[in-house]
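> Here you go, one structure.
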Amino acid sequence: MSHHIIEVKDLQYTYPDGTPALRGVSFLLTHGETVALVGANGAGKSTLLLHLNGCLIPQAGMVRIGDFPLTRKTLPHVRRTVGMVFQDPDDQLFMPVVYDDVAFGPLNLGLPQEDVEERVMNALSIVGATHLKDRPPYRLSGGEKRSVAIASVLSMAPSILVMDEPTASLDPKARRQLIHLLKTFTHTIIIATHDLDMVLDLCARTIVLKEGQVLADGPTWEILQNEELLDSGHLEKPLRLQGCPRCGGERECP
């Protein structure tokens with residue numbers, strides 16, 4: 001299924017103020033992979049994600065989504081294929097009520113009204129938010145906004161799901177619900193996050209970025225136990241790999 005593939009080759013990007021954000025990033029994601037993108041603040045994670053749905057266009061190197069290299073001419077195809085969930089849900093929710101936000105994408109695809117309604121209600125059902133459909137987004141909690149933002153992407157039926165810090169600002173219950181939801185998806189998923197315990201739960205593969213370059217790319221379990229590697233990337237082991245805080249052992253004290 002080539003439309004589920006992401007290929008990034010020698011991707012480079014420098015911001016207008018001269019700050020280099022990406023310096024030769026390369027990797028390949030195939031159908032059905034759920035991959036974590038981790039690194040310290042300023043490592044280039046968000047800048048990289050913004051290239052995957054065409055918010056940014058490569059200055060050098062290549063991004064390929066399915067069979068299409070990312071260019072200004074291929075943006076409509078790329079944005080139908082890649083659904084992007086931004087770090088701040090308020091960047092995605094701008095309509096008077098939730099239903100209109102989730103319907104916005106399908107309506108812009110020119111779908112018939114009955115198909116739009118089916119997509120909206122299905123997407124809201126998947127994230128457990130059908131009861132919110134008539135609520136204004138500004139009256140929602142952080143977790144509810146996150147769910148609606150995800151629904152607004154799912155209503156477009158993307159082949160690839162890209163998420164920037166999806167557990168940010170979520171309470172523990174909402175975080176668990178999100179992880180459970182993502183485990184049910186058959187999409188190719190790439191997630192930029194500082195939540196390394198979620199990475200353990202969800203992602204078989206992890207890419208570590210440092211100063212705009214790939215520091216490591218491999219099995220999550222191996223990467224998150226490599227203290228030297230994590231320290232080099234200004235990261236720490238997930239909490240549940242750090243042992244008991246009282247005795248330092250691998251298991252909690254009674």
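Nothing in this text is a laboratory measurement; each read-out follows from the coordinates by a stated rule. Everything numeric here is computed off the predicted structure, so don't read it as measured data. Don't worry about glycine lacking a Cβ; one is built from the backbone with ideal geometry, like all the others, and counts go over all protein chains shown.
> Using the charge dipole of the range 1-151 (Lys, Arg: +1 at Cβ; Asp, Glu: -1 at Cβ; taken about the Cα centre), state which of G83, P112, A21 has its Cα farthest towards the positive end.
Toward the positive end, the furthest listed residue is A21.
> Show that you can apply the helix-only estimate: for the chain, add -39,500 (n - 2.57) for every DSSP H stretch of four or more residues, divide by all residues, and state [θ] at 222 nm to the nearest 500.
Working: 9 runs with 83 residues, N = 254.
Taking each H run of at least 4 residues, the total per residue is -9500 deg cm²/dmol.
> Can you tally the net charge around R23? Count Lys and Arg as +1, Asp and Glu as -1, for every other residue whose Cβ sits under 11 Å from the Cβ of R23. Please list the in-between numbers first.
Values: positive: K210; negative: D10, E211.
The answer is -1.
> Considering only G143, G39, G243, give the residue with the highest GNM mean-square fluctuation for the chain, with springs between Cα atoms whenever their separation is below 10 Å.
Of G143, G39, G243, the most mobile in the Gaussian network model is G243.
> Could you please rank F68, F185, F94, placing first whichever residue has the fewest other Cβ atoms within 10 Å of its Cβ?
Details: F68 16, F185 13, F94 10.
Final ranking by Cβ density, sparse to dense: F94, F185, F68.
> Same structure, new question: So, counting K/R as plus one and D/E as minus one, what does the shell of residues with Cβ under 14 Å around E236 add up to? Could you put the intermediate results ahead of the total?
Working: positive: K237, R240; negative: D195, D197, E227, E228, D231.
My count for the surroundings of E236 gives -3.
> List every residue whose amide H lies under 5 Å from the amide H of K210, counting only residues 5 or more places away in sequence or on a different chain, with H placed 1.01 Å from N in the peptide plane.
Amide H neighbours of K210: L215.
> Here is a follow-up. Placing +1 at every Lys and Arg Cβ and -1 at every Asp and Glu Cβ, with all other atoms neutral, what dipole size does the chain have around its Cα centre, in debye to the nearest 20?
In total the dipole reaches around 180 debye.
> Count charges around K145 for me, please; just the other residues with Cβ under 11 Å from its Cβ, Lys/Arg as +1, Asp/Glu as -1. Write out the running numbers ahead of the final one.
Numbers: positive: R135, R139, R146; negative: D88, D90, D91, D101, E144.
It works out to a net charge of -2.
> How many lysine pairs in the chain, separated by 8 or more positions in sequence or lying on different chains, have Cα atoms less than 18 Å apart?
Values: K9/K45; K9/K210; K45/K210; K133/K145; K145/K173; K173/K183; K210/K237.
Eligible lysine pairs with Cα atoms under 18 Å apart amount to 7.
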